[in-house]
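Right, one structure below, let's go through it.
What follows draws every value from the coordinates through simple rules; no lab data is involved. Every value quoted in this text rests on a predicted model; they were computed, and no experiment measured them. Note that each Cβ is placed from the backbone with ideal geometry, even for glycine, and that neighbours are counted across all protein chains shown.
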Amino acid sequence: MRRTTLLAMAALAAMALIGQAAAPAPQIRVVVIGKSVHPYWANVERGVKAAAQKLGVQAVFFVPQKEDVAAQISTMETYIAQKVSGIAIAPSDPKALAPTIKKGREAGIPVITLDTDAPESVRIAYIGTDNLAAGRIAGREMRRLLPQGGKVAIGTGSLTALNSLQRIEGFKQAIQGTRIRIVATNNDKEDAATAVSLAAATLRAHPDLAGAYGVYAYNGPAWARAAKEARMAGRLRIVAFDATDEHIALLKEGAIHVLVAQREYFQGYRSVELLTLMAREGVDRALQRYRVPANRIVDTGVDVVTRATLAAYAKKLDELGIPHTWKP
Ligand code: BGC
């Protein structure tokens, strides 16, 4: 072969190599599926978007209007068919979602849970609150608020999602052996208007209700509104999950007494971080590098907030890097 031909071939080979090296890595696209339209989930979405921007990946965020298992399944199916890089889901019903989670994994897509777990599914890990422990904290706070005991009622948005069941279970454990008695458990299926009307009906049925437990983000404000309308505001002791702007305003007014504040911003942020690492480095290495514990649970933690600790809570959020617009 002539020298010029050889040189030309070498140049072509080099160009092909450079061409290969310059080809952009396939775009990572992760999906986060939540449970309902609510400021709580807007905070999760903020975390999702912040992480996606920082890591230079695409993130899709979806929530159904209210509790809607069928919508969660069909949304997940859509993204499995699109062969996305990873999916994080908060299953409203862990049993119903398990086959879809399996389908995703079989298609080679890493699937994790956030906010509420499906430990019996093949999800790889869970990122969120330790809900049994958090439920016990809520029960302990109710005990503190009602040292003489009394009637209490529970409001929740699901009787299938594990986070709700564990929060109720933990609460019951913590009030065992006291004179606190649960007289009603309402399920609004994450419908804000239903939450208020069920709370109002419970207050009509039990005008001597001493305490109310808000299991989901909707529920604390729903109890507070119903109590105001029934002229029981302040007298009805309310322990509620979450700390959206609405919760903080009601805490300041004295309409809600204790908040068990989740760190939902981190749930969104960390889900995107972990799924991105899995897409880039493979599942096993990602679990190791992200220091996911052997039980595959990444506990994002909670804060117990009262009117007296509001300023300290704001300071803590600033230190943790969790954005908030309210001022103590
Ligand atoms: C729960 C979520 C729920 C949200 C709104 C939160 O306390 O962790 O699972 O979707 O409240 O109801």
- Item | DSSP-assigned coil residues among trypsin sites (Lys or Arg not before Pro) in segment 74-120, each with at most 14 further Cβ atoms within 10 Å | LYS83
- Quick one, can you get me the convex hull of the C-alpha atoms of segment 186-279 expressed as volume per residue in Å³? 95 Å³
- Tally the DSSP beta bridges in the chain and give the antiparallel ones as a percent, rounded to 5. 10 percent
- Cα axis of helix 69-81 to longest principal axis of the chain: angle in degrees, 0 to 90, nearest 10? 10 degrees
- Message: Mean-square fluctuation check for the chain, GNM, Cα pairs under 10 Å: which of HIS247, HIS206, HIS257 is largest?
- Response: HIS206
- Spatial separation of Cα centroids for segment 127-157 and segment 260-292, in angstrom: 29 Å
- Which FRET efficiency value, to the nearest 0.05, is calculated for ARG235 and GLN82 with the Förster distance at 35 angstrom and r the Cβ-Cβ distance? 0.10
- Task: Could you compute the FRET efficiency for THR178 and ALA98, with r as their C-beta to C-beta distance and R0 at 41 Å, rounded to 0.05?
- Result: 0.65
- Message: Show me the GluC sites (Glu not before Pro) within segment 92-148 that DSSP assigns to loop and that have at most 13 other Cβ atoms within 10 Å of their Cβ.
- Response: GLU120
- Task: Give the long-range amide H neighbours of VAL31: residues separated by 5 or more places, or on another chain, with amide H under 5 Å away, using H modelled in the peptide plane at 1.01 Å from N.
- Result: VAL60, GLY86, ILE87, ALA88
- Message: Let me check I've understood the local charge: for GLN262, count other residues with C-beta under 10 angstrom from its C-beta, Lys and Arg +1, Asp and Glu -1. What total comes out?
- Response: -3
- Task: Could you let me know the centre-to-centre spacing of segment 67-106 and segment 169-241, using Cα atoms, in angstrom?
- Result: 32 Å
- Message: Can you compute 3J(HN,Hα) from phi for each residue in segment 58-66, using the Karplus curve 6.51 cos²θ - 1.76 cosθ + 1.60 with θ = phi - 60°, rounded to whole Hz and x for Gly and Pro?
- Response: 8, 10, 9, 10, 9, 9, x, 4, 9
- Note on the structure: Rounded to the nearest 10, the angle in degrees between the Cα long axis of helix 3-22 and the longest principal axis of the Cα atoms of the chain comes to 0 degrees
- Task: Place the peptides 295-301, 36-42, 279-285 in order of packing, highest mean first, counting for every residue the other Cβ atoms within 10 Å and averaging per peptide.
- Result: 36-42, 295-301, 279-285
- Convex hull over the alpha-carbon atoms of segment 170-210: what's its volume per residue in Å³? 77 Å³
- Item | Gaussian network model of the chain, springs between alpha carbon atoms under 10 Å - residue of ARG291, ARG140, ARG307 with greatest fluctuation | ARG291
- Out of LEU277, GLY47, LEU159 - ranked by how far each Cα lies towards the positive end of the dipole of the chain, with unit charges on the beta-carbon of charged residues - the top one is LEU277
- Message: Suppose only helical runs count, i.e. DSSP H with n ≥ 4. What mean residue ellipticity at 222 nm does that imply for the chain under -39500 (n - 2.57) per run, divided by all residues and rounded to the nearest 500 deg cm²/dmol?
- Response: -16000 deg cm²/dmol
- Would you mind putting 264-271, 235-242, 73-80, 153-160 in packing order, based on average other-beta-carbon counts within 10 Å, highest first? 264-271, 235-242, 153-160, 73-80
- Quick calc: nm separation of the 7 Å Cα→Cβ label points for ARG296 and LEU159 -> 2.9 nm
- Using θ = phi - 60° and Karplus 6.51 cos²θ - 1.76 cosθ + 1.60, couplings along segment 37-50 (whole Hz; Gly, Pro as x): 7, 6, x, 4, 6, 5, 5, 4, 4, 4, x, 4, 5, 5
- Query: Roughly how tilted is helix 94-106, in degrees to the nearest 10 and between 0 and 90, from the longest Cα axis of the chain?
  - Reply: 10 degrees
- Dipole of the chain, positive end: most advanced residue of GLN262, VAL196, THR75 [Cβ charges, Cα centre]: GLN262
- For LYS102, counting only lysines whose alpha-carbon sits under 29 Å away and dropping same-chain residues fewer than eight positions off, the answer is LYS35, LYS49, LYS66, LYS83, LYS189
- Query: Can you tell which of ASP303, ASP208, ASP117 shows the greatest fluctuation in a Gaussian network model of the chain with Cα springs below 10 Å?
  - Reply: ASP208
- Please work out how much length the chain gains when fully extended from LYS228 to GLN65, using 0.36 nm per residue of separation minus the C-alpha to C-alpha distance, in nm with one decimal. 56.0 nm
- Calculate the translational D of the chain in whole µm² s⁻¹ from Stokes-Einstein, where the hydrodynamic radius comes from the Kirkwood formula applied to all Cα pairs, the temperature is 4 °C and the viscosity 1.567 mPa s. 61 µm²/s
- Query: Given just the C-alpha atoms of segment 239-283, how large is their convex hull per residue in cubic angstrom?
  - Reply: 55 Å³
- Largest first and in whole Å, give the semi-axes of segment 196-244's equivalent ellipsoid, each being the square root of 5 times a Cα gyration tensor eigenvalue. 17, 10, 9
